[in-house]
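The values are calculated or read from the model by the stated rules, or taken from the named source; none is laboratory data. Predicted model, so just to flag it, every value in this text is computed and none were measured. FYI the Cβ positions are ideal-geometry reconstructions off the backbone, even for glycines, and counts take in every protein chain you see.
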Amino acid sequence: MKRVLTGLICMLLSWPGFGQTPTTPTDSLRLTLPQAEDQFRRHNLSLLATRLGIDEYRAYQAQAKLFSNPTVYIEQMPYNRQTRDFMPVKQSNSEQVIQVQQLLLLAGKRNKQLALAATNTKIAADRFEDLARTLSFQLHSAFYDLHYQQQAMSVYDQVMNTLSQTVTLYQQQYDKGNVPLKDLARLKAYLFNLSNERQQRLAQIADDQATLSVLLNTMPDQPIRPEVTAMDPDPRRNPAVLSLDSLVALAERNRPDLRAYRDQVTAERQNLTLQKANAVPDLTVQGTYDRNAGYIPNYFGVGVGMALPFFNRNQGNIQAARIRTQSSQQLESGYRLQVENELQQSLTKARQADQLYRTFDRRFNSDFSRLIEGVTLNYRKQNIDVVEFLDFFDSYKTSQLQFIQLQNDRMQRLEELDLAVGSNPFIR
């Protein structure tokens with residue numbers, strides 16, 4: 001039996017395609033991260049819809065610049081009972097009155113409305129940038145996760161391909177009575193467990209593919225193949241060199257959601273100023289022409305009108321605006337504290353993931369061919385059996401998958417740190 005197992009291992013080592021990564025379909029959409037970001041910015045439907053919201057508030061801002069329209073009043077005598085004329089137009093037998101009114105806003109209401117509209121436009125822009133930031137994080141997260149899940153699938157395909165060949169050859173030897181059933185059963189059980197693990201990876205790949213398909217607005221049935229360069233430890237992306245204070249300062253400048261809270265405070269203050277101005281009555285200027293006035297013919301008159309603020313001085317709206325201003329200030333302070341906690345948490349996780357990644361010994365992964373030759377040599381010396389042979393394959397699979405997962409975890413934590421900061425903190 002020992003000779004049989006040695007022969008099987010040697011055949012597997014010389015099997016064409018052993019240790020090679022399976023090729024991807026030719027119709028896969030291959031994208032680097034910059035290419036994915038460019039397509040995301042140009043084609044994501046949520047971004048396009050939210051960008052239109054900025055134009056909407058710009059239209060409101062343009063509306064706030066406009067003056068009130070003048071009002072024209074015309075009065076015509078329909079019937080002269082003395083002359084029995086219908087719709088008389090002669091001055092001797094008719095009466096016409098024309099009035100023109102113009103509303104004039106006092107207390108700087110127009111400028112205050114314009115300032116409030118401009119701030120609302122900034123808030124809409126902040127919301128757009130925050131949506132872009134959040135969706136960009138989802139894009140990066142799914143992009144890297146899909147890349148590393150596909151790498152993990154390559155490991156499963158390599159190991160399962162080797163093990164399937166082993167099971168096939170063992171089945172042939174078992175049918176001939178050369179190997180015991182217990183060894184064949186161990187191989188089949190291990191292969192079945194690998195199939196279950198591989199199926200879970202396929203489900204995660206399907207989720208990542210669906211996420212990227214929505215974000216990039218591509219066909220759902222088009223496979224996406226992320227292209228990522230080798231992620232060796234990069235000193236420029238070392239979270240250990242970052243400080244919390246510097247990250248807080250960056251977040252204050254770069255996070256659009258934090259800017260939106262600050263702009264909301266500004267908007268509430270401007271609204272309070274506007275409501276106080278609304279307590280001042282507006283002025284109406286009027287010009288009147290009366291063709292056959294009772295005083296003199298062709299009467300021209302000028303008048304002004306104003307509401308008397310005896311009962312309604314806009315007290316309720318002023319009080320409500322004052323409360324909203326205080327509330328927005330409290331919300332801003334609370335959100336700033338939340339951002340600081342997010343930064344602390346993200347920095348801690350990034351440091352832990354990066355440190356673990358940098359301390360992982362990757363030499364085993366690069367020396368698999370030499371190691372399996374050593375396994376074969378040890379078997380020829382009758383130092384290992386089938387169980388130890390499977391243990392080696394399981395160790396190899398686990399080591400490969402752990403290294404891939406470490407890379408994935410590191411990139412995910414770095415992306416979470418970028419999300420918390422609002423930009424890449426390693427780019428100055």
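One table, with the values for the structure above:
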{"item": "For Gln338: the one exception among (1) surrounded by 13 or more Cβ atoms within 10 Å (Cβ to Cβ); (2) over 19 Å from Tyr148 (Cα atoms); (3) at pLDDT 90 or above", "result": "(1)"}
{"item": "Val285 vs. criteria crowded, with 17+ Cβ neighbours inside 10 Å and not charged (D, E, K, R)", "result": "no"}
{"item": "Tally, over the stretch 81-134, of residues that are farther than 12 Å from Tyr57 by Cα, hydroxyl-bearing (Ser, Thr, Tyr) and modelled with pLDDT of 95 or more", "result": "1"}
{"item": "Residue in the stretch 3-18 that is modelled with pLDDT of 80 or more, part of a loop (DSSP other than H, G, I, E, B) and exposed (fewer than 14 other Cβ atoms within 10 Å of the Cβ) present", "result": "no"}
{"item": "Qualifying positions in the stretch 64-79 - among the polar types (S, T, N, Q), in a loop (DSSP other than H, G, I, E, B) and surrounded by 10 or more Cβ atoms within 10 Å (Cβ to Cβ)", "result": "Ser68"}
{"item": "Test: residue in the stretch 63-80 that is within 23 Å of Ala321 (Cβ to Cβ) and of a type in the set (A, V, I, L, M)", "result": "yes"}
{"item": "Candidates Gly316, Gly294, Gly305 - the one that is more than 17 Å from Leu105 (Cβ to Cβ) and more than 52 Å from the chain's Cα centre (by Cα)", "result": "Gly294"}
{"item": "Where a residue in the stretch 339-350 is touching a residue at least 12 places away in the same chain (Cβ under 8 Å) and its partner, wherever it lies, is of a type in the set (Lys, Arg) and outside any helix (DSSP H, G or I), with Cβ under 7 Å and at least six apart", "result": "Val339/Arg255"}
{"item": "Filter result for the condition that a residue is among the polar types (S, T, N, Q), farther than 23 Å from Arg269 by Cβ and in contact with a helix residue (DSSP H, G or I) (Cβ under 7 Å, 6 or more places away or on another chain), over Gln61, Gln39", "result": "Gln39"}
{"item": "Test: residue in the stretch 252-270 that is exposed (fewer than 14 other Cβ atoms within 10 Å of the Cβ) and either more than 21 Å from Ser333 (Cβ to Cβ) or of a type outside the set (Lys, Arg) (or both)", "result": "no"}
{"item": "Test: Ala277 is assigned to a helix (DSSP H, G or I), of a type in the set (A, V, I, L, M) and within 17 Å of Leu103 (Cβ to Cβ)", "result": "yes"}
{"item": "Residue that is modelled with the highest pLDDT [pool: residues in the stretch 188-229 that are more than 21 Å from Asp157 (Cα to Cα), part of a loop (DSSP other than H, G, I, E, B) and out of contact with any strand residue (DSSP E or B) (no Cβ under 8 Å at 6 or more places or on another chain)]", "result": "Asn217"}
{"item": "Positions within the stretch 419-428 being of a type outside the set (Val, Ile, Thr) and buried (at least 20 other Cβ atoms within 10 Å of the Cβ), in sequence order", "result": "Ala420, Gly422, Pro425"}
{"item": "Qualifying residue in the stretch 404-422 (condition: modelled with pLDDT of 90 or more and part of a loop (DSSP other than H, G, I, E, B))", "result": "yes"}
{"item": "Residue in the stretch 126-135 that is assigned to a helix (DSSP H, G or I), out of contact with any helix residue (DSSP H, G or I) (no Cβ under 6 Å at 6 or more places or on another chain), in contact (Cβ under 8 Å) with a residue 60 or more places away in the chain and β-branched (Val, Ile, Thr) present", "result": "yes"}
{"item": "Among the residues listed as Tyr379, Tyr357, the single one being at pLDDT 80 or above and surrounded by 12 or more Cβ atoms within 10 Å (Cβ to Cβ)", "result": "Tyr357"}
